[in-house]
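Below: one structure, written as structure tokens.
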């Protein structure tokens, strides 16, 4: 079964597709397994015929799109000789005629399909195709980020066997903080930041009291920048990774250094680690 949170990405992409293309009906879903997709999100429909519909690979327009791993379209669904017709009843109930299906492909594997449709048999122009491809890319990029996050979270939950693992822990922390800014799902983002917090305090000796009543409070972006610096990134590389301007990175770094009472980048990293803000 697909992660329910992944459906948030699909739903957002369909909203953008309907707005940018002008299509009255859009729908889509993610694959339950390598051979079957379930329509989970529908926008603009007048009936419930499409919602929950299971699509097998190779069947109908969407199944053909999955099998070929490329966009497919028909001008008149019921009359088309280029697709099979297992789903004509649902399509007819909604009154759809011209239909487009675009696969969401992540690392050469189809993970979902976005559909757009008209209730009249006319050709779909380049504007509609471009909008559908852009929406599919949005879902693809979101799923890539989500996959990377899940892999890093799994690695972060592994016990630290010895001191030689700390560089890997610090690298995971850095990558998670950088990815958190790209995650739109608030629950997943909160999970990522929670794990980052646990990683930051993981190397404190058991039973050691804090050296000060409370550590300095850094803004989220100050901590993001400092995590990049701790991983050895330059200001330019940090800016590219976090989607910021180099001047903005310098500003966040100066702010973090001031709060930590540090005069150099290295001093800031050491002070942040002592305060339990970085692993």
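The numbers here are math on the coordinates, done by the rules we state, and not lab data. In this text, all values refer to a predicted model and were calculated from it rather than measured experimentally. Heads up, the Cβs are rebuilt from the backbone with ideal geometry, glycines too, and the neighbour counts pull from every protein chain shown.
Segment residue 38..residue 93, full-extension length gain: 18.0 nm, with 0.36 nm per residue of separation and the alpha-carbon distance subtracted.
In this rough spin-label picture, where each label sits 7 Å from Cα along the Cβ direction, the residue 81-residue 46 distance is 3.0 nm. The ranking of 82, 35 by Cβ neighbour count inside 10 Å, starting from the fewest, reads 82, 35.
For the chain, the mean residue ellipticity at 222 nm estimated from helices alone is -16000 deg cm²/dmol, where every DSSP H run of n ≥ 4 contributes -39500 (n - 2.57) and the total is divided by all residues, rounded to the nearest 500.
Let me make sure I get this right: for the range 88-159, a, b and c are the square roots of the gyration tensor eigenvalues over alpha carbons, sorted descending. Under 1.5 in a/c it's rounded, otherwise prolate if a/b > b/c, else oblate. Which is it? Verdict is prolate for the range 88-159. The range 254-270 and the range 63-136 have Cα centres lying 55 Å from one another. Note: relative contact order over the chain, using C-alpha pairs below 8 Å and six or more positions apart, is 13 percent. According to the Kirkwood relation over distinct C-alpha pairs, the hydrodynamic radius of the range 1-88 is 13.7 Å. When all alpha carbon pairs of the range 6-148 are counted in 5 Å bins from zero, the resulting P(r) reads 2, 11, 23, 26, 23, 11, 3, 1, 0 %. Here the chain is treated as an ellipsoid with the same Cα gyration tensor; its semi-axes, largest first and in whole Å, are 48, 19, 14. In plain terms, the residue of 257, 10 with the fewest other Cβ atoms within 10 Å comes first and the most crowded comes last, giving 257, 10.
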